[in-house]
Amino acid sequence: MSDHSPEPEIRQPLTRRQMLERIALALTAGGVAPFEFAWGEQVHGEAREEKERTGAYQPKLFKPHEYRTIQRLAELIIPADEHSGSAVDAGAPEFIDLLCSRNPELADIYTGGLLWLEAQMRQEHGASFLEATEEQQTSLLDRLVDEGDPEKVEGARATRYGASEDYQGFSTYRIHPVSDLAPGVRFFEWMRKMTVDAFYTSPIGIEDMGYQGNKALGQYEVPESIIQEALRRSPFGGA
Amino acid sequence: MAHIRQTPEQHEVVVIGSGAGGGTVAHVLTRMGIRVTLLEAGPMLNPLADFKEHVWPHEVDHRGAEEGGGVYFGRGEAFGHFNASAVKGGWTLEGEPYTVAKGSDFLWFRSRVVGGRTNHYGRISLRFSDYDFRPYDRDGLGANWPISYEDIAPYYDKVESFIGITGTREGIRSAPDGVFQPPPPPKAHELVIRKASHKLGIPCIAMRRAVITRPLNGRPACHYCGQCGRGCITASNYSSSQVQIFPALETGKLKIIHSAMAREILTDARGRASGVVYVDKQSRTEKRIACRVVVVAASACESARLLLNSRSSLFPNGLANGSGTVGRFLMDTVGLGMAGYVPSLENLPRYNTDGMSGAHLYMPWWRWEDHDRLGFPRGYHIEIGGGYNMPRVGDFHGAARRHGYGLKLKRQVRKEYGAFVRFAGRGEMIPNNLSYCEIDPEVVDRWGIPVLRFHFKWSDYEWKQARHMEKTFADLIESMGGKVIGLTSHFDRHGISVPGTIIHEVGTVRMGDSPKNSVLNGFCQAHEVKNLLVCDGGTFVSNPDKNPTLTINALAWRASDHLAEEMRKGNV
């Protein structure tokens, strides 16, 4: 088996019956050559088709400045590094735009979140999110992550209210958002979860992770060297 | 006054439901030359067109998040987008509601398609043990089966030989050996888990799964894409549709009526089943067919519902329900899942861990002689998980929550991939009087058929067993040098899986020696109606920790042999 799973490419459209025949061939070959699945007929994604046709994806919901902000956020969430490209390369902004364009509830989360982000940035630095410096951008995003940290939120609840149930009826102690950043915290959570979904399900993300499966094999084998390495590193040592 | 009446076609055996039970009955009877008419409430299945096997998430615009991102709002399919066209159902079905009594939790899973749940299920295929058929003798709880392990063993052999099960001979009493095909080799993380289980004195053996690793009856061996849940286009795993029903069609003895929702079983003046009334879903009209024998295999609760809805002057409490036990003794499996993080598995060289769908090893129950000391009366087995799975929508939300964003997040995800392990306990529930289903007098579904109302309570026995699972899984994770992350199943306020979510609901049309406290005899034949059989999980007297499908297959095969003999003798 090769070290790297080749990035699936669009191939000639195949019918499923042809696919079956190819699986059968791969199997009778005795597992010599694992067969890659890439369903020509399934690759009919709107976004992909449009990109191929026009060279660029035209956002269906977001205004140009909104879309550029989504792109910037996606790039900050999963940047390119020495292993692989960014979430923008992996199509995260298209994914978010397409889903939002078909779900008003989701669209409101994003358009509202983006406007909150703009307002917050203008209040802090007198600039839009895109105009702000990278340091200004990440400083705000760091705080949004920090305020949303599950352990810290729980901790805050415990100290403020958990030990003082008697006081919960008093308005001073009423449960309220942990901070003024709460709307931004929630928006950035949405942005992060949809960005990682888009990135890690993309060919770029799959390659980055090193997922080797979704192949037809004549025989299933586990490399002995990996078994030895896993056991050697485990508390049980050796084989 | 004479008037022209169309004589209805006389059917020989009508089977209601096309899952593990109905598929087996159709297969066995048609091979003996008996004509079978199979009613299925869902559509026909076309594996090549329907199954989304091998499709990458990125080949779909929404990546599996559903149109408009439905999964983010809890509107996703039961087992995800890529399994949905094999599942054809879930815990809710549009137009086919059920109700749950106040104070109870229950979720009812249904698949509406030829093949039912066998198109997508986990294919874990474990024989019941000898002691599983005598539970009352062991601990005074529940009831004994009217049959023994020796009665069913030859049928386990037949089923295993025909559908193909992987496994190794181990000589463990709680996990009787069968007719096995060679299993695929264990994966690296599974061998580390096995070291941990051996350290704790728990056996860890090759999984017994209805996936073939060698060609069988014209079916090619598994190609190890790991996607059995999406349905298998090469039929290398067991599904009643592809392994039993489609071949039975080729005998010319099987007729399938799909999109047919059975409403009532008719009886004649002598109290024998004489036909079936069903709603043709496509035309929304009622149809009736006459027949010699009715076999109900609609799934445990659906079968109970059909009998309860088949009232007549001879059977005022529902058909074959003189004992009042139809719908009673509803059981699911006790489920508990736990995830752990094992640093020593970080950054290992990647390899393909898809294999045969799911784990290649499992841990059978190991303390069947210790129940007095354990404080709970019945056992469980442990299923394991881990490896480098195909990245799916939702898999990395936890990482995003823990690691924020940026290069740190990206590096952490890479490092953590393959370092998670999962354990799932599957334990035996004791039947109790507070867990049952009945007809809700106020609600009908869109076909005009009265629906079920569920009542369910776990008891202290299940709670104690679940706590033992929790402790065992934590011990396993910690002995691997790992950290417990938390419970993974949808557990209820009792710290056990929500009833119905393990999808092993059984017991509602149980067999037994006495017509006073059971519906069927040991051949799945109704005590009160000789030409009426029930051949699904409803027949179970107890719900051992072994997943039910293999035993449904074996009981249905045995019942079919007996039925054919009774038909030959003219007794039915």
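The values are calculated or read from the model by the stated rules, or taken from the named source; none is laboratory data. Every value quoted in this text rests on a predicted model; they were computed, and no experiment measured them. Quick reminder, even Gly has a Cβ in these numbers, built from the backbone with ideal geometry, and neighbours come from all protein chains shown.
Can you name the residue in the stretch B:353-394 that is charged (D, E, K, R) and either crowded, with 18+ Cβ neighbours inside 10 Å or within 14 Å of A:Ile206 (Cα to Cα) (or both) and, of all such residues, is farthest from the other protein chains (Cβ to nearest Cβ)?
This residue is B:Arg378.
Failed condition for B:Phe106, given (1) surrounded by 20 or more Cβ atoms within 10 Å (Cβ to Cβ); (2) in contact with a helix residue (DSSP H, G or I) (Cβ under 9 Å, 6 or more places away or on another chain), with all others met?
(2)
If I filter the stretch A:92-126 down to residues being part of a loop (DSSP other than H, G, I, E, B) and touching a helix residue (DSSP H, G or I) at 6+ places or on another chain (Cβ under 6 Å), which single residue comes out as surrounded by the fewest Cβ atoms within 10 Å (Cβ to Cβ)?
Looking at residues that are part of a loop (DSSP other than H, G, I, E, B) and touching a helix residue (DSSP H, G or I) at 6+ places or on another chain (Cβ under 6 Å), I get A:Arg102.
Considering the stretch A:183-220 alone, what residues qualify as being assigned to a loop (DSSP other than H, G, I, E, B) and at the interface with chain B (Cβ under 7 Å from one of its Cβ atoms)?
Scanning the stretch A:183-220 gives A:Thr201, A:Ser202, A:Gly210, A:Tyr211, A:Gln212, A:Gly213, A:Asn214, A:Leu217, A:Tyr220.
If you take the residues of the stretch B:302-317 that are in a loop (DSSP other than H, G, I, E, B) and touching a residue at least 24 places away in the same chain (Cβ under 8 Å), which of them is surrounded by the most Cβ atoms within 10 Å (Cβ to Cβ)?
B:Ser310
Which residues, taken from the stretch A:94-104, are more than 7 Å from every other protein chain (Cβ to nearest Cβ) and either among the acidic types (Asp, Glu) or closer than 11 Å to A:Lys60 by Cα (or both)?
If the condition is that a residue be more than 7 Å from every other protein chain (Cβ to nearest Cβ) and either among the acidic types (Asp, Glu) or closer than 11 Å to A:Lys60 by Cα (or both), then A:Glu94, A:Ile96, A:Asp97, A:Cys100, A:Ser101 are the ones that fit.
Here is a check on your reading of the model: is B:Ala419 under 30 Å from B:Tyr136 (Cα atoms) and more than 9 Å from chain A (Cβ to nearest Cβ)?
no
Against the condition β-branched (Val, Ile, Thr), touching a strand residue (DSSP E or B) at 6+ places or on another chain (Cβ under 8 Å) and more than 30 Å from B:Tyr388 (Cα to Cα), how does B:Val451 come out, does it pass?
yes
Please list, ordered by residue number, the strands (runs of 3 or more DSSP E) wholly in the stretch B:445-550 having 1 or more residues that are surrounded by fewer than 24 Cβ atoms within 10 Å (Cβ to Cβ) and of a type outside the set (Phe, Trp, Tyr).
Because the criterion is at least 1 residues that are surrounded by fewer than 24 Cβ atoms within 10 Å (Cβ to Cβ) and of a type outside the set (Phe, Trp, Tyr), the strands (runs of 3 or more DSSP E) in the stretch B:445-550 that meet it are B:450-455, B:483-487.
Pull up the stretch B:220-234, narrow it to residues that are in contact (Cβ under 8 Å) with a residue 40 or more places away in the chain and over 11 Å from B:Glu53 (Cβ atoms), then point me to the one that is farthest from the other protein chains (Cβ to nearest Cβ).
The residue in question is B:Cys222.
When you scan the stretch B:1-95 for helices (runs of 4 or more DSSP H) that lie fully inside it, which ones turn up with 3 or more residues that are within 18 Å of the chain's Cα centre (by Cα)?
B:20-31, B:84-87
Determine, yes or no, whether B:Ala175 is small (Gly, Ala, Ser) and surrounded by fewer than 18 Cβ atoms within 10 Å (Cβ to Cβ).
no
Taking the condition at pLDDT 95 or above and more than 9 Å from chain B (Cβ to nearest Cβ), does A:Thr133 pass?
Against the criterion (at pLDDT 95 or above and more than 9 Å from chain B (Cβ to nearest Cβ)), A:Thr133 qualifies.
With respect to A:Ala56, determine if the residue is more than 12 Å from chain B (Cβ to nearest Cβ), surrounded by 16 or more Cβ atoms within 10 Å (Cβ to Cβ), free of Cβ contacts under 8 Å to residues at least 40 places away in the same chain and assigned to a loop (DSSP other than H, G, I, E, B).
Criteria not met by A:Ala56.
Quickly run through the stretch B:329-352 and pick out the residues that are more than 7 Å from every other protein chain (Cβ to nearest Cβ), surrounded by fewer than 24 Cβ atoms within 10 Å (Cβ to Cβ) and not in a strand (DSSP E or B).
Across the stretch B:329-352, the qualifying residues are B:Pro343, B:Glu346, B:Asn347.
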